[in-house]
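One structure below.
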Amino acid sequence: MKITKDVIKKLINAAFNSHPDEIGCDECFEKLNKFAELELEGKLAAEAMPLVEDHLKRCKECREEYEALLEALRTIQR
């Protein structure tokens, strides 16, 4: 990967916006099923699992995985 000004800006932004108890992609992925189930049940998944919610706001790849999972589960429910 080539280090550009844009890459440096993203790294600095990530460093300033991180906090000690945040989770990574692996842990988020492990919890996506439960998070999606809570949402489909009409419960407040973000309140029940705030670290997953926080990660999904920060990580485009995990958010896309979550949205695909949620859509698949909605399709199955129909």
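The values are calculated or read from the model by the stated rules, or taken from the named source; none is laboratory data. Bear in mind that the values here come from a model prediction, so they are computed numbers and not experimental data. In this analysis, Cβ positions are derived from the backbone assuming ideal geometry, glycine residues included, and neighbour counts consider all displayed protein chains.
Things to note:
A quick yes/no check of all residues on (1) under 20 Å from Cys25 (Cβ atoms); (2) in a helix (DSSP H, G or I); (3) touching a Cys at 6+ places or on another chain (Cβ under 6 Å):
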| site | (1), (2), (3) |
| --- | --- |
| Glu39 | yes, yes, no |
| Lys43 | no, no, no |
| Ala46 | yes, yes, no |
| Val52 | yes, yes, yes |
| Lys57 | yes, yes, no |
| Glu61 | yes, yes, no |
| Tyr66 | yes, yes, no |
| Leu70 | yes, yes, no |
| Thr75 | no, yes, no |
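- Close Cβ contacts (under 8 Å, 6 or more residues apart or on different chains) running from residues in segment 34-62 that are farther than 14 Å from Ile23 by Cα and among the aliphatic types (A, V, I, L, M) to residues that are assigned to a loop (DSSP other than H, G, I, E, B) and modelled with pLDDT of 95 or more comprise Leu38/Leu44; Leu38/Met49.
- Qualifying residue in segment 17-28 (condition: at pLDDT below 95 and surrounded by 15 or more Cβ atoms within 10 Å (Cβ to Cβ)): yes
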